[in-house]
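Encoded as structure tokens, the structure appears first; notes follow it.
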Amino acid sequence: MHSLQVSTLRLLADIISTAVGKMEAAYERDGHLLPSLDTPFDPADSAESLRREPDVAAAIMDILAAAAQISVTVRDPSRTMVQTALAFNISSCLRVASELNVVEIIRDAPSQASHVKEIAALASVDSNLLGEILKLLATHHIFREVSPNVFANNRISSVLDKGKALIDLLTSSRDERFTGTSGFAAWVEYMTNDIFRSATCLMDAISTLQDGIVPFNLAFGTTEPLYYWMELPENAATREHFGLAMQGTVAGGDPESLFHGFDWGSLGPGSIVVDVGGGNGHSSLTIAQRYPELHVMVQDLAHTVEEARKYWHTHFVDHANRGMVEFQAHDFFTLQPVKNADIFLLRIIAHNWPDLRAIEILKHLRSAALPTTRLVIMDEIVPIAGGRTFENADIPGSAQLFAQEPLLPNWGTASAEVYLFDIVVGIDTIECILCGGVERTLDDFKELLDQAGWEMVRVHHGDRTRYSQLVAVPKV
Ligand SMILES: C[S@@+](CC[C@H](N)C(=O)[O-])C[C@H]1O[C@@H](n2cnc3c(N)ncnc32)[C@H](O)[C@@H]1O
């Protein structure tokens, strides 16, 4: 038994060693250095794009999975448990750092490093507590403590940079801080504040078993479903914050992600793309910027679609002036008014709804579809985790890769995001907590589409920084 454990450790160490060798070879071949953890992230650095090369991406997955597995194998389990139980403090401290603009304060300091007293003075908070917060984050490689109580940005903290002048951030209202940003900090703050609050009510909602009441309702004291609650006039600031946060879901992953999948260039001039539940329409806007001959219709609930109109007029006024974009208040649980769509785009919509409701949305799209209409779904696909066999090989692109033993088949915590978001959509939006997980496996999607009259014809797997894309056509 003991020697078996030791040989498992050796296998894990070998996986790391082999993967590091592959990375070394790729970086050497291209004449790049691996970007340092100690310096701010530069998305324009060509060394960064190397991480997306299939061999390097696979090596990274192996390193993440094996390093995590080796750590929990060798550690006293009660220490692992305590640290995991207290992990919420990391979320909480991250929110503080973002709301107080710590990254931007350090960025604009003369030597790009600041004593916590200087940071606290600019942020108008107590320096002792802030120091503890930053030390916890630095211990998790978020910021770097360059000398006692002096902090610098590093690769991880720098991605929170809102990219605005510090003076603007310090003088603007809380609600205006994200305006004009990529939305990534808005997304992080939405997760560490709104979603965090809902998460604290998970146990209460599960034990109460009230139909239609999810943790979000208990946390925010409302019986309205999340998106209808956001439509209320008093929640305009949250709605705007959420719209920017959704934009941040693209900015924080691979900005090119929308183009890794369905070939938008294959659509002819004037093709109609309906962005169903499009939020502020940032995804269809990015697609239209690259393919300006596409005619876009952004649909969402009434107030959200007005945010979309503002967003497009700020970021792509030319398309709006050419009459190539329309904004339509539309509830996707009602008849779809666009009957001549080339594409119905559903980005991170299906995961918000339990099967019966998702089928309703898909059926409305099916009823409005022409024989040539295609449905493009962008969402997470939950990998098969309980084995290493895959059965849907008949659909192009669908095959799932599995990690080598002794890693978990789904690469364990290297794939954690999809499981974390499964809980997020459960606590925020499903209408009945007993309806089951809403992030779906490929089989779940196939079944869902089938029941709504669609046939899945192509799968483009994401790579944990991108949503997967599924293409479906009307079933005849
Ligand atoms: C997770 S967000 C995704 C937004 C956008 N597709 C994106 O990728 O950023 C879900 C969107 O669904 C919209 N939504 C929720 N319920 C809706 C309904 N009944 N009809 C239309 N849109 C709805 C919300 O307002 C929100 O914009």
### Task
Would you mind working out the accessible area per residue for the stretch 237-361, using a 1.4 Å probe, and quoting it in Å²?
37 Å²
#### Entry: the stretch 90-172 shape via C-alpha gyration tensor axes, a/c threshold 1.5
rounded
### Message
Only bridges whose two residues both fall in the stretch 254-474 count here: according to DSSP, what percent of them are antiparallel, nearest 5?
### Response
35 percent
### Task
Please name which of 264, 64, 282 has its Cα lying farthest along the dipole of the chain towards the positive end, using unit charges on Cβ (Lys, Arg +1; Asp, Glu -1) and the Cα centre as origin.
64
### Message
For the stretch 164-204 and the stretch 39-118, what is the centre-to-centre distance using only Cα atoms, to the nearest Å?
### Response
18 Å
### Message
Suppose we keep just the DSSP beta bridges with both residues in the chain; what percent of those would be antiparallel, to 5?
### Response
45 percent
### Message
Can you tell me the length gained on complete extension of the stretch residue 313 to residue 222, counting 0.36 nm per residue apart and subtracting the Cα distance?
### Response
29.4 nm
### Label-point separation in nm, residue 91 to residue 20, each point 7 Å along Cα→Cβ
3.3 nm
### Where the stretch 63-213 is the region considered: accessible area per residue in Å², 1.4 Å probe
51 Å²
### Task
Starting from the Cα-Cα distance between residue 335 and residue 475, subtract it from 0.36 nm times their residue separation and give me the gain in nm to one decimal.
48.5 nm
### Message
Given points 7 Å out from each Cα along the Cα-Cβ axis, report the residue 401 to residue 211 separation in nanometres with one decimal.
### Response
4.5 nm
## Note on the structure
Restricting to Cα pairs under 8 Å and 6 or more apart, the percent relative contact order of the chain works out to 13 percent
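Summarise the accessible area of the chain (1.4 Å probe, protein heavy atoms) by the percent that is carbon and sulfur.
The value for the chain is 58 percent carbon and sulfur by accessible area.
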### Task
For the stretch 254-474, just say rounded, prolate or oblate: build the C-alpha gyration tensor, square-root its eigenvalues into a ≥ b ≥ c, call rounded for a/c under 1.5, and beyond that prolate if a/b exceeds b/c, oblate if not.
prolate
### Query
Each label point is 7 Å from the Cα along the Cα-to-Cβ direction; what then is the distance between the points at residue 203 and residue 237, in nm?
3.1 nm
### Message
Straight-line reach only, C-alpha to C-alpha below 28 angstrom: list the lysines that residue 339 could link to, leaving out same-chain residues fewer than 8 apart.
### Response
310, 363, 446, 475
## Note on the structure
If R0 = 41 Å, then residue 370 and residue 33, at their Cβ-Cβ distance, give a FRET efficiency to the nearest 0.05 of 0.20
### Query
In terms of Cα to Cα distance under 21 Å, which lysines are near enough to residue 117, apart from those fewer than 8 places away along the same chain?
135
### Task
For the stretch 333-383 and the stretch 447-476, write down the distance between their C-alpha centroids in whole Å.
10 Å
## Note on the structure
Gyration tensor on Cα atoms of the stretch 42-102, a ≥ b ≥ c root eigenvalues, a/c under 1.5 rounded, else prolate if a/b beats b/c, else oblate, says oblate
### Query
Taking 0.36 nm per intervening residue step and subtracting the Cα-Cα distance, what contour gain separates residue 111 from residue 75 on full extension?
9.1 nm
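The values are calculated or read from the model by the stated rules, or taken from the named source; none is laboratory data. Quantities reported herein were computed from a predicted structural model and do not represent experimental measurements. Reconstructed Cβ throughout: ideal geometry from the backbone, glycine too, with neighbour counts over all protein chains shown. SASA here: full protein model, heavy atoms, side chains in, ligands and nucleic acids out. Shrake-Rupley method; radii C 1.70, N 1.55, O 1.52, S 1.80 Å.
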